[in-house]
1. Sort out which residues of region 42-54 are surrounded by fewer than 18 Cβ atoms within 10 Å (Cβ to Cβ) and part of a helix (DSSP H, G or I), and write them in order of number.
2. Are any residues in region 170-205 surrounded by fewer than 22 Cβ atoms within 10 Å (Cβ to Cβ) and in a helix (DSSP H, G or I), and if so, which ones?
3. In this structure, is residue 329 more than 30 Å from residue 499 (Cβ to Cβ) and either in a helix (DSSP H, G or I) or modelled with pLDDT of 75 or more (or both)?
4. From the list 153, 121, 145, pick out the single residue that is modelled with pLDDT under 80 and either over 22 Å from residue 482 (Cβ atoms) or assigned by TED's automatic domain parsing to the domain that holds residue 323 (or both).
5. Does at least one position in region 479-502 carry a residue that is assigned to a loop (DSSP other than H, G, I, E, B), touching a residue at least 12 places away in the same chain (Cβ under 8 Å) and farther than 19 Å from residue 198 by Cα?
6. Output the residues belonging to region 321-338 that are closer than 20 Å to residue 279 by Cα and surrounded by fewer than 20 Cβ atoms within 10 Å (Cβ to Cβ).
7. Name the one entry in 456, 515 that is surrounded by fewer than 24 Cβ atoms within 10 Å (Cβ to Cβ), within 23 Å of the chain's Cα centre (by Cα), modelled with pLDDT of 90 or more and outside the structural domain of residue 135 (by TED's automatic domain parsing).
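The values are calculated or read from the model by the stated rules, or taken from the named source; none is laboratory data. All of these numbers come straight from a predicted model, not from anything done at the bench. For neighbour counting, all protein chains shown are included, and Cβ atoms are generated from backbone atoms with ideal geometry for every residue, glycine included.
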């Protein structure tokens, strides 16, 4: 509560998180029983020890270090692309192919679907490379952050081949009894159609992009970007229009020279493609190595690929891809403009690109510390919220209540993966019991899918979520502005997911009918609530 309320009220995320971590350490010192080998200490000393422990462990956790490395390497790669002017040339080419603001938004959304195997890679790759396109088309940075954030986790959560698969399958398996007639992977596949929020969030992204309509704070941000490009809504400073005609002509000539050769465009695209390909390649190689060490017969076909990618080392894939992408950018930048992109220029690009991501790294560090304090063996925030309703749940409300509880936990803790770890086994157990009691086989898949859907919804709305932080920083948008502008869209998709998804699914309605009906309602809602950005304000 301290972190969320202060972040919204003061718009100072780092200070709010820092104070929340201190409060968490004080609560742990006050309420957590002494360990068997722990000596008696004063509350202040014990609280300081908890504070140091969680801060230190959050920074030096191996997975967290990998995320930090990839973030800094990717920021450095983008800085090199900008320093060599290759990125500007690519952005002009893409902007020329995007037919206005709708085309630009559709391009961002489409690229978001293409990077489906990891939400971190999606956010950092897409956000950093599409800022110039959106600035050129007068699309606000808040809209860019929404398009990026609302395609990252939903795509990774729905894909059959992603870094989420192994975690989800293993958590589902923990909730199934040994003699269950359905396997964990089968239930995982069945639950995909019942993950209504990520499905509707993706549909809403394309409806918003193609309709040209917005509502709420996003409408104001878009109109501000259209009227005063770059001046508001988290955008970079507005361009200086007072340059002399001679300078403008020289700039246009330089831009034309940059765009003239295919080599320059290729120099900007190749590092990104190599980075993405390296992620995919390392995922497959590490996944094959992990599966080969497992006893028993290996599955084949789609299930085999799902197990391979699910057991892959995603963090090794990200860090390796960041190094290869940065090296490729340096080589291609030097070869494309040897007279401009000197080694010193490119190295300064490395420093500037990495430095731009540092504030997000500090926020992530504090968010990780806060999440570790709310873990099951500490304050047990998620466990408490998950068990409050475990004894008295009517079957027809089970998927909806699981969705709401998962949303609340993810919003409070800022982690969708932590929410899934806390609630998935319990939700599967409850779903199995209710499915047998009500003779409703689909109730199990609907309840299982609601955990992941609620986790992503709460993560989208939480100002302390790591992916929300990464989205705002990668897109160059003010963090609180991103949360404020995205939340109404996330709430609309969640409302439709409940009314036309989780509730009808509990009665046995086909999820495909729910998806079609939800798409129609989302389109109608945007037509009624939304206004064209180009229309004058009323």
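1. Quick first cut of region 42-54, residues surrounded by fewer than 18 Cβ atoms within 10 Å (Cβ to Cβ) only: 42-45, 48-49, 52-53.
43, 44, 45, 48, 49, 52, 53, listed by residue number.
2. Start the filter on region 170-205 by keeping residues that are surrounded by fewer than 22 Cβ atoms within 10 Å (Cβ to Cβ), which leaves 170, 173-174, 176-186, 189-190, 192-193, 202-203.
Within region 170-205, 170, 173, 174, 184, 185, 186, 189, 190, 192, 193, 202, 203 qualify.
3. On the way: more than 30 Å from residue 499 (Cβ to Cβ): yes; either in a helix (DSSP H, G or I) or modelled with pLDDT of 75 or more (or both): yes.
Against the criterion (more than 30 Å from residue 499 (Cβ to Cβ) and either in a helix (DSSP H, G or I) or modelled with pLDDT of 75 or more (or both)), residue 329 qualifies.
4. Numbers: 153 fails: modelled with pLDDT under 80; 145 fails: modelled with pLDDT under 80.
From the options 153, 121, 145, the qualifying one is 121.
5. Going residue by residue through region 479-502, those that are assigned to a loop (DSSP other than H, G, I, E, B) are none.
No, because not a single residue in region 479-502 is assigned to a loop (DSSP other than H, G, I, E, B), touching a residue at least 12 places away in the same chain (Cβ under 8 Å) and farther than 19 Å from residue 198 by Cα.
6. From region 321-338, those closer than 20 Å to residue 279 by Cα are 321-332; that's our starting set.
Scanning region 321-338 gives 323, 327, 331.
7. Values: 456 fails: surrounded by fewer than 24 Cβ atoms within 10 Å (Cβ to Cβ).
Testing whether each residue is surrounded by fewer than 24 Cβ atoms within 10 Å (Cβ to Cβ), within 23 Å of the chain's Cα centre (by Cα), modelled with pLDDT of 90 or more and outside the structural domain of residue 135 (by TED's automatic domain parsing) leaves just 515.
Yes/no matrix, rows are residues, columns are (1) under 14 Å from residue 378 (Cα atoms); (2) modelled with pLDDT under 85; (3) in a helix (DSSP H, G or I); (4) not assigned by TED's automatic domain parsing to the domain that holds residue 331:
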| site | (1), (2), (3), (4) |
| --- | --- |
| 8 | no, yes, yes, yes |
| 14 | no, yes, yes, yes |
| 19 | no, no, yes, yes |
| 26 | yes, no, yes, yes |
| 36 | no, yes, no, yes |
| 67 | no, yes, yes, no |
| 70 | no, yes, yes, no |
| 80 | no, yes, yes, no |
